[in-house]
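The values are calculated or read from the model by the stated rules, or taken from the named source; none is laboratory data. Keep in mind the model is a prediction, meaning the values are calculated, not measured. Positions of Cβ are backbone-derived with ideal geometry, glycine not excepted, and every protein chain shown enters the neighbour counts.
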Amino acid sequence: MLALVLWGVCAVDYAAPGLFDRAGNLKFQDFVQFPISARLIAQGRTDQLYDDRVLADGITEIVGHPTTIYLRYFYGPQVAALFAPMRQLSFLVQAEIWVALSLLMYFACVYLIWKSCGGLRGSPGFVALCAIAYPSVFHFLVRGQISALPLLFLTLAYLAFRSGREWMAGLALGVLVFKPQFLVAIPVVLLLAKAWKPLAGLIVSASAQLALTLAAFGPPVMRAYFHMLLRSAEQPGTTELRLSPIQMHSLRDFWLLLISWSSEGWSGEVGTAWALYALSSLAVIAMAVAVWRSSSPLTLRYSALLLAAVLVNPHIYIYDLLALAPALLLLADWTITHASHASAPALRVGVYLAFLLPMFGPVARWTHLQLSVVAFVAILWILFRLSRPANAAGNRSSDAADCS
């Protein structure tokens, strides 16, 4: 039902010819920043990458008339450079090519994770249907986002961990520096868990990417990029749209929504919300560290790492929850291979809610309670309980048995 509704609406809406859907919105709207930024790089105008006025003018040029579309370019110049080969094509053709490539990456990642899961291997049709119906897929497609890239490297990291190549896993995780909010929790968890090999790989990979970008684009561009990042981190309310908190699914926005009861969504005890965000993030990281250091199978340890990365992430919209797809698959597989375990029913419910609840994020505009975050924390708590010595001793099995 979910797949039919989501993709039926998408098909009808996007069937309208031209740049705009039936509701009058620009198709693949979030993607528009990348062709504009790639063109600036090709024209040698890299000093204008972070000029909001230049981006607005580029959007107006693509649309063909003045528009209320408001976007800001928050990525490093290396991300825009990826789209330079397509710069001669029209915006819509570029967006369609990128969405097609993104879907290929997404389904390839799902396939690779699924193949490693013994419990789910007998249900390929059901897994495919869940992959199609996942709300994050719908959102990243219609908005033309780049969420498939973080998913790709998180999947590669899992496969490297599974094959015992911890250094390679760290290299894959370090690539995520192009979307640095994903690296708020992961390095800290690896550091506190004394996972030195993946941490070293992460540091080398992230440093190499930044060094190459600096060499290619020069210090002025990188200074502008880091200035933009710092400003958005210090004053997120000035860089986000008014209704952004109801579309995000991290601890930060959970507390902002819960404490701020005004219709504007940003007034209220913001300082208290940030303090609670910091404290709850420390608790989440502590649980993820405990799980990672335990004798739990990789399926549970890596899922805990992904949940911590999402919860501590200060800026994660529903389309970026694509990063949770490996965890949902791995945890669903665990509940099948450990069906008799006392925690399996609760974990199965948690996975179902984590799959579904992000779609209902906008309801938080009235309830001021982002239930998806509650589900993510609940799953992490179950994983933490499972990692305790008393539980791990009775349920220890090899990774090959869980996901062979």
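Let's see how each residue does on (1) more than 23 Å from residue 149 (Cα to Cα); (2) modelled with pLDDT of 95 or more; (3) crowded, with 20+ Cβ neighbours inside 10 Å; (4) β-branched (Val, Ile, Thr):
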residue: 19; (1), (2), (3), (4): yes, no, no, no
residue: 23; (1), (2), (3), (4): yes, no, no, no
residue: 27; (1), (2), (3), (4): no, no, yes, no
residue: 42; (1), (2), (3), (4): no, no, no, no
residue: 58; (1), (2), (3), (4): yes, no, yes, no
residue: 64; (1), (2), (3), (4): yes, no, no, no
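Of the residues 332, 325, the single one that is under 24 Å from residue 185 (Cα atoms), at pLDDT 95 or above, small (Gly, Ala, Ser) and under 19 Å from the mean Cα position of the chain (by Cα) is 325.
How do the helices (runs of 4 or more DSSP H) wholly within segment 332-387 filter down when requiring 3 or more residues that are under 21 Å from residue 309 (Cα atoms): which remain?
344-356, 371-387
Taking the numbered list (1) closer than 25 Å to residue 252 by Cα; (2) touching a residue at least 40 places away in the same chain (Cβ under 8 Å); (3) over 14 Å from the mean Cα position of the chain (by Cα) in turn, residue 202 passes all entries but (2).
Filtering 141, 129, 156 for residues that are more than 26 Å from residue 180 (Cα to Cα) and not charged (D, E, K, R) leaves a single hit, 129. Of the candidates 111, 106, the single residue that is surrounded by fewer than 20 Cβ atoms within 10 Å (Cβ to Cβ), closer than 18 Å to residue 158 by Cα and not basic (Lys, Arg) is 111.
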